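Worksheet for the structure shown next.
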Amino acid sequence: MIEKIDSIIKEQLIILKNRNSTIWDGSEYEDVKKSNNTAKGDFGEKVTNKILSNIGLASKIVNKGKGDFDILINEKLKIEHKLATLDTNNSFQFNGIKKYIDYDYVFCLGVSPNKLWFKIVSKDWCNNNLSTSMTKNGDDTYKYTVKENNMTSLNLDNIKEEIYKIV
């Protein structure tokens, strides 16, 4: 009996789908993982900005998150915001960190399938510790890789504790 092409293809698509399933399938933050980089960045900036406002800080996104920094706290503290999703090595890779622009801290928001994480690093720390360039023979942007267990769980108490160390 000769199978129809449609049923052959359908069977192989099911097999392919099962092979391609990941920890993200059906997870709380699956939509973040599937989004393009601009949408991910906008999501992260808005979440962080609203949390900062919620804990009593005068916080605003500057120039729609485009430019040297993304969030301004209390009209003085300049925050560069980066978002990364969990990779297969249980790490977050925050890309495009610039050393030579005007900001005070980088707020790294890590998204795992069902939990959010964060880490705040100073510009001085970035300047002294980031050495992996995003471009071959370049020094324009850098990446910062952090294991999930070296991040802090995102909740109001943890944000307050960490952010009030720098404001």
Quiz item: Among the residues of the stretch 88-134, which ones are among the acidic types (D, E) and either under 15 Å from G44 (Cα atoms) or at pLDDT below 95 (or both)?
Solution: D102
Self-check item: So G96, is it touching a His at 6+ places or on another chain (Cβ under 9 Å), farther than 18 Å from E162 by Cα and surrounded by fewer than 21 Cβ atoms within 10 Å (Cβ to Cβ)
Solution: no
Quiz item: If you go through the stretch 15-30 one residue at a time, how many are in a helix (DSSP H, G or I), more than 13 Å from N114 (Cα to Cα) and open to solvent by less than 100 Å² (accessible area, probe 1.4 Å)?
Solution: 2
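To keep it simple, each residue is scored yes or no on (1) without any contact (Cβ under 8 Å) to a residue 24 or more places away in the chain; (2) open to solvent by 20 Å² or more (accessible area, probe 1.4 Å); (3) within 30 Å of S21 (Cα to Cα).
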residue: I73; (1), (2), (3): no, no, no
residue: T88; (1), (2), (3): yes, yes, yes
residue: Y100; (1), (2), (3): yes, yes, no
residue: S112; (1), (2), (3): no, no, yes
residue: I120; (1), (2), (3): no, yes, no
residue: K147; (1), (2), (3): no, yes, yes
residue: I159; (1), (2), (3): no, no, no
Self-check item: Selection count, the stretch 134-145, where residues are in contact with a strand residue (DSSP E or B) (Cβ under 9 Å, 6 or more places away or on another chain) and open to solvent by 30 Å² or more (accessible area, probe 1.4 Å)
Solution: 5
Practice problem: Please determine, by comparing only the residues of the stretch 75-86 that are closer than 16 Å to T48 by Cβ and among the aliphatic types (A, V, I, L, M), which one is surrounded by the fewest Cβ atoms within 10 Å (Cβ to Cβ). | Solution: L77
Self-check item: Of residues in the stretch 43-64 being polar (S, T, N, Q) and open to solvent by 50 Å² or more (accessible area, probe 1.4 Å), the one modelled with the lowest pLDDT
Solution: N63
Quiz item: Considering K60, K46, which residue is out of contact with any helix residue (DSSP H, G or I) (no Cβ under 8 Å at 6 or more places or on another chain) and not hydrophobic (A, V, I, L, M, F, W, C)?
Solution: K46
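The values are calculated or read from the model by the stated rules, or taken from the named source; none is laboratory data. All values derive from a computational prediction rather than experimental measurement. Cβ atoms come from the backbone with ideal geometry, glycine included; neighbour counts cover every protein chain shown. With ligands, DNA and RNA removed, areas are computed over all heavy atoms of the protein, side chains included. Shrake-Rupley method; radii C 1.70, N 1.55, O 1.52, S 1.80 Å.
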